[in-house]
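Here the structure comes first, spelled out in structure tokens, and everything after it is commentary.
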Amino acid sequence: MSPIGGKSKHSESGLARVAGSGTSGILELLLFHPVDTVAKRLMSHQARIFVPGAPMAEGIQGLTKVVFGKAYNETALRRYFSLFPGLGFAAGYKVLQRVYKFGGQPYVMDYLHTHHKDRFTRVFGEKTGKTVMHATAGSLVGIGEVALLPLDVLKIKSQTNPETLQGRGLFKLVRDEGLSLYRGGLWTAARNAPGSFALFGGAAFVKEYMCGLTDYSKATFLQNFFASIGGAVASITVAAPLDVVKTRIQNKPFDAPESGVSIITKMIRNEGFSAFFKGLTPKILVVGPKLIFSFTVAQQLIPVFHQFFENQGITKTTPLA
């Protein structure tokens, strides 16, 4: 992604940003959607799978039924394809999310660089100001990501309870469910702001201070990989408290909603402050690889697509001011 300093002050074309971030979303979907489906089905199953005293074979059969649903008696190939339910919603959400987030952050970054670079430099210094600008651009983009929340809700429902979506197209679902698809939207935005700040800021910090880069678009694959690890772990950790609140809001029945303030109050009173970091370790282990993968691929491919399109004469960008 484009730098804010150094000798190569260019801005990648919009086409390169869409191509690189979109490709990362598609690859992430193909690799991780089956794993995500299995996790959602296991989390939604409310009975014991391995019953104490019961034969192991019975438990394995029960696990197979939960994981593969109606396809548990089918061939291995059909079982595998059964792990791609709601692919339309998932593809729409994941690709749009990655294009918006990874492709949109550089646009905000360009704006901040053009109009507010002097302020950031004056307050934070040259190197730290660059890092904070990346983080701030990410935070602003993260807040707007809440617009995609309905697709995420429908994706989860298609993975865990597809019967509720049968015979209902996207527009009918939106019309029927209305604003309930945005339940927890404000808390999602509140979670995304610091989470995206840490994601892009953490990655910029690694590139600037640990890799010694001034032109981030020149980062090698390993440098992008380690920058993505730093950004992803920081993002998941920082966003964890509000992520717990958001999850509990969305887990409430449609006819019995509960406010975020009420949930926070009960968490502090009944569970203590450690409740805000419940599930942090498994989330880093499960969500972390997906985010690291897609962020690394996007950071790697955007400059590659930019160079390709420029060489082919498809796009022609001008240097940043």
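Every number in this text was worked out from the coordinates using simple rules, so none of it is lab data. Predicted, not measured: the structure shown is a model, and the values here were computed from it. Cβ placement follows ideal geometry from the backbone for every residue including glycine, while neighbour counts extend to all protein chains displayed.
Here are a few things to note about the model shown:
- Pair LYS218, ILE143: separation of 7 Å Cα→Cβ label points (nm): 3.5 nm
- Summarising the label geometry, the points placed 7 Å from Cα in the beta-carbon direction at ARG78 and THR114 lie 5.6 nm from one another.
- Per the Debye formula on identical point scatterers at the alpha carbon atoms of segment 242-316, with no solvent, log10 I(q)/I(0) at q = 0.19, 0.25 Å⁻¹ is -0.85, -1.08.
- Computed over segment 52-116, the alpha-carbon pair-distance distribution with 10 angstrom bins reads 18, 24, 20, 16, 12, 8, 2, each value a whole percent.
- Summary of the geometry: segment 268-321 and segment 83-139, compared by the centres of their Cα atoms, lie 9 Å apart.
- With the highest mean first, a sort of the peptides 194-204, 274-284 on other beta-carbon atoms found within 10 angstrom per residue produces 194-204, 274-284.
- Debye intensity ratio in log₁₀ form over the Cα atoms of segment 88-152, taken at each q of 0.26 Å⁻¹: -1.00
- Global size of segment 193-300: 17.0, 54 Å for Rg and Dmax (C-alpha atoms, Rg to one decimal, Dmax whole).
- Computed FRET value (nearest 0.05) for ASN311 with PHE273, which takes r as the C-beta separation and R₀ as 51 Å: 0.40
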